[in-house]
Ligand SMILES: CC(C)(COP(=O)(O)OP(=O)(O)OC[C@H]1O[C@@H](n2cnc3c(N)ncnc32)[C@H](O)[C@@H]1OP(=O)(O)O)[C@@H](O)C(=O)NCCC(=O)NCCS
């Protein structure tokens, strides 16, 4: 992605011991429409410690400061409420539902579409206080 200039993916390592725990990335970067999509995946042993939230916030901070983007979008399998929560804590707004958009292990599911626009970043303290 980096070579094609369509996005990037960063490795997430724990500060304490350097263990690789997953990745976080911006992909489908469109320099004309000035948007990109966010994705992430963490090893399940690393869940529940706030690592995804920390990584997403850091990548958004870098992305809005570095890339000429005005919007970041993320699509979340509706069976993954923890993932939706990570986005809401970063200030993303739920914008709609893509029906039967993903198939995992042969099972079809809807996806929620979340969006964050540059002028809403970083989320105001009132939003952070409300959603965490
Ligand atoms: C989704 C995922 C990234 C979360 O990683 P994580 O490091 O555990 O996330 P965080 O700890 O930063 O935040 C998770 C939040 O979801 C909440 N949560 C956990 N399970 C939940 C559930 N079943 N329903 C609602 N919220 C839930 C947690 O309480 C936490 O919110 P809080 O801080 O307000 O308490 C991780 O589960 C994962 O990699 N899943 C598989 C891949 C995936 O879903 N990728 C996303 C595709 S866009």
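Miscellaneous remarks
- For 92, 64, the sequence from fewest to most other C-beta atoms within 10 Å is 64, 92.
- Whether the stretch 40-97 is rounded, prolate or oblate, judged on the alpha carbon gyration tensor where a/c under 1.5 counts as rounded: oblate
- Taking only the C-alpha atoms of the chain, Rg followed by Dmax gives 14.8, 41 Å.
- Sequence of 89, 80 once ranked by neighbouring C-beta atoms within 10 Å, starting from the fewest: 80, 89
- Contact order relative to length of the chain, as percent, for alpha carbon pairs under 8 angstrom and 6 or more apart: 18 percent
Values quoted throughout were computed directly from the atomic coordinates according to the rules given, and no laboratory measurement underlies them. Small disclaimer: the values here were computed from a predicted structure and weren't measured. Backbone-built Cβ (ideal geometry, glycine too); neighbour counts: all protein chains shown.
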